[in-house]
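The structure under discussion appears below in the form of structure tokens.
FYI, it's all coordinate maths here, none of it is from the lab. Just so it is clear, the structure is predicted and the values come from calculations on it, not from any experiment. Backbone-built Cβ (ideal geometry, glycine too); neighbour counts: all protein chains shown.
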Amino acid sequence: MKKSSNDTTDTYLSEGAMYGGIIGGVIFLVSLFLGHSSYGAVILLICVTVGGLLGLAKKKPLREDALDKEVSAYKKLDKEYNAFFPDRKKHSYDPRIKHPVLRTSIANGEQVAGFIDKTTGKFEPVTLIKNDDDLRDFIVRYGVENPEDIQRIG
């Protein structure tokens, strides 16, 4: 069955009602032969309604063109803003002004990644580093070009 271009229904409402009607019709015919046609009619109505509601609750998968459009929108969004982790914006720093630093506490070994302002020497903490994944996230998020150049201070 071909859909018209202006049909935007994205659920299985009609299919669910149709299958509910088939099941209800079979139950109606069985109840008709047993002499309980009024019960069968009620069951038929219930089956069509439940089938329609179940079909309404189930979403149809996206068509390929809609899926491609959605993926390209996410890619465009991800270039300027991280779409999968919206609380993590992509940042940058000016390497002429700031230098990436990994500061380690002498007391407990806690590591904090951040930047030192080259003119003032002030440390600006950015994120707590618990493992190598956190350090990689810092490098990617801030676009550190040479991870070997990260100065380690303690």
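The residues I129, I116, I153, when put in order of fewest to most other Cβ atoms within 10 Å, stand as I153, I116, I129.
The residues R96, R141, when put in order of fewest to most other Cβ atoms within 10 Å, stand as R96, R141.
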